[in-house]
Amino acid sequence: MAVGCALGVILSRNPVNSVMFLIMTFFAISGHYILMNAQFLAIVNIIVYAGAIMVLFLFVIMLMNLNADVEPQKGMMIQLAGVISGGILFLVILMGLTTARAEAIDPKSTHIGLISNLGKVLFNKYVLPFEISSVLFLSAMIGAVVIGRKEPLAAGEKAEIIQN
Amino acid sequence: MPVTSTHYLFLSLLLFSIGIMGTLMRRNAIIIFMCIELMLNAVNLLLVAFSKLYGDADAQLFVFFIMVVAAAEVAVGLAVIVMMYRKVHSVDINILNRLKH
């Protein structure tokens, strides 16, 4: 199901349909997380990806009024080249991995995916990256606002704002 | 048939290849962006599978950080796309060829 929906993302002409297929793909991946007993990541995946990011995509598409089928397609040759090169990459890695050792994943052997265990590791071992990522979020938010504002300010105005 | 690590390996490889094909095939900047998200998720799936296999919680935290960085990246990237749409009224990436002149 994940694979079919992922194919739908790249094959559908309408960008809104692509977004819907991508949401389905994310839900399928979340189902895999739940199967592997990683419940925290499953919930975060649904909330962050299917909820926030995809709504952002839909919002931008609706804002630009792109749902009409106006996208110019690439030439047939270039599309074919893209598919062939992607397929060759897939085949090469597939051949490399067929000899890999297959180890059974026991669905309920460990409880590392539960929130309490992840929280302990996160706030003991990875406190510094956690804080840095919050700073990254802040800077990304400010950057998005600065890039997306209506018209760039003149240099004098900018200096004024900085002084204030 | 028990689910093994190889199954997840192949599933995530397939998702990653589909993402690459989409990036190479399409000209709509937003769809290329979504294909990049697809590739990130393929890698996340593989990380979770191996964290489950080896009983290690660090990999799942890495997935968490990847999601954080991806969210920040999407915000900035969509702002860039909106800005580009305001300038040229298109999201066709071929227009960006002019950047080199």
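Throughout, read-outs are computed from the coordinates displayed, never taken from laboratory work. It should be emphasised that the depicted structure is a prediction, and the values quoted were computed from it without experimental measurement. Please note: Cβ atoms are built from the backbone with ideal geometry, for glycine as well, and neighbour counts cover all protein chains shown.
Observations on the structure shown:
- Global geometry of the stretch B:5-100, whether rounded, prolate or oblate, following the gyration tensor of its Cα atoms and the 1.5 cut on a/c: oblate
- Acute angle (nearest 10 degrees) that the helix B:58-88 long axis makes with the longest principal axis of chain B, alpha-carbon atoms: 10
- For the peptide B:61-70, the mean number of other protein chain Cβ atoms found within 10 angstrom of a residue's Cβ is 6.
- Taking every residue in A:115-128 and counting other chain Cβ atoms within 10 Å of its Cβ, the average works out to 2.
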